[in-house]
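So the structure is just underneath, and the comments pick up after that.
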Amino acid sequence: MKNPHVFDTFKRIAITVFFSLLFCLVVVFLKNTCSSMIPIGNRGIRAAIEAGDLKVLFVGSSTFRCNIDMPTMDRVTDGQVFDISYGGNQLVAVSVQYDEIRKRSDNRYDLMVFELGPLMLTEPVSLSDSRVIWDLSLEGKRKLWEKMAAGNNTDLSVMYEYFVTAGMDDLLTYPVTEPFYATRYYKGAKTDEAVSPGREVLENVAFDLTEASLIAEQEAALRELIEKCQADGQNFVFLESPVYYRLQEDPVYQKYLAYFRQILAEYGADHILASDIPFDTHEADYFEDINHMTAEGRRIYTEMLQKELIP
């Protein structure tokens with residue numbers, strides 16, 4: 001005769017497992033369908049839309065997060081500026097983000113500033129910054145997924161990250177992390193003011209760009225973005241942020257900078273080069289690493305940049 005206690009125990013375990021799985025599925029479903037409706041203060045598409053009409057909207061990657069000093073820009077634009085910098089060096093992501101902004105916002109953007117990052121043309125199509133997922137509607141998530149599929153980067157592990165884990169930490173810790181993120185926005189997405197590691201460190205950082213090659217999907221996304229802006233009558237400019245001179249002067253970097261400019265020239269698209277701003281890329285105190293500025297560098301650069309963006 002079967003032991004009824006064993007059966008009851010098994011039944012309770014089965015019910016617990018079932019409802020646990022059901023709860024997880026509901027959370028994942030809500031994350032994928034509703035994350036873009038939950039406001040994350042001072043970052044992301046929803047927060048940008050809630051800011052209303054803007055004089056300047058930056059859309060880029062961590063380069064903009066670390067190199068554009070928002071308090072400085074706030075002063076010269078009367079607060080009508082916003083920075084969406086979670087594209088993760090992906091032109092394909094920026095193109096999808098633009099679609100989202102246009103679809104979800106009736107606001108006026110006097111100037112959109114996109115990142116002119118030469119090496120963005122060489123980045124494999126990937127989810128290089130999972131925070132972009134939080135920002136996108138279900139339709140936006142589908143578009144970005146299709147772009148990644150075209151770049152042959154949608155295996156099971158990527159699928160799990162994309163639809164399950166990406167943004168889940170924000171969803172589960174929202175009441176605690178939301179105020180924290182808001183303060184980081186004004187510090188280049190850092191908890192404290194970034195400082196330089198020193199000239200000796202920056203002079204000895206190893207990097208090798210010799211294997212960099214053009215990624216067709218990234219170039220196509222750049223062309224798409226320009227064409228959409230021009231069709232919409234959207235005023236825009238591409239901005240090359242300064243990087244430490246060792247990277248700035250690298251032959252491969254310069255090669256793709258020339259190609260990026262060639263594409264822009266085909267469309268008559270405006271751009272601002274790092275060399276157009278009198279910012280000293282040899283000054284180690286201005287750089288946290290070879291790609292990103294310190295707090296001091298960010299403030300000095302932005303003061304120079306704003307004169308070019310907003311005469």
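At a glance:
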read-out	value
Estimated [θ] at 222 nm from DSSP helical runs (n ≥ 4, -39500 (n - 2.57)) normalised by residues in the chain, nearest 500	-16000 deg cm²/dmol
Relative exposure of 120, 293, judged by other C-beta atoms within 10 Å (fewest first)	120, 293
Value of relative contact order over segment 153-311, rounded to a whole percent, pairs C-alpha under 8 Å and six or more apart	29
Residue-wise HN-Hα coupling along segment 130-137, computed from phi with Karplus coefficients 6.51, -1.76, 1.60 (Hz; x: Gly, Pro)	5, 5, 5, 4, 4, 6, 8, 5
For 252, 205, 96, order by how many other beta-carbon atoms lie within 10 Å, fewest first	205, 252, 96
Square roots of five times the Cα gyration tensor eigenvalues for the chain, Å	39, 22, 21
Candidate aspartates and glutamates - alpha carbon under 13 Å from residue 228, same-chain residues fewer than 8 apart omitted	99, 100
Relative contact order [Cα under 8 Å, 6+ residues apart], segment 38-309, whole percent	27
Simple Cβ-charge dipole of the chain, Lys/Arg +1 and Asp/Glu -1, about Cα centre, in debye nearest 20	1460
Net charge, residue 275 excluded, C-beta distance under 14 Å - Lys, Arg +1, Asp, Glu -1	-4
Order of 208, 289 - criterion: other Cβ atoms within 10 Å of each residue's Cβ, fewest first	208, 289
Gain on full stretching of the segment that runs from residue 33 to residue 159 - 0.36 nm per residue minus C-alpha separation	43.8 nm
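No value in this document is a laboratory result; all are computed from the given coordinates. None of these values were measured; they are calculated from a predicted model. All Cβ positions, glycine included, derive from the backbone under ideal geometry; neighbour counts span all protein chains shown.
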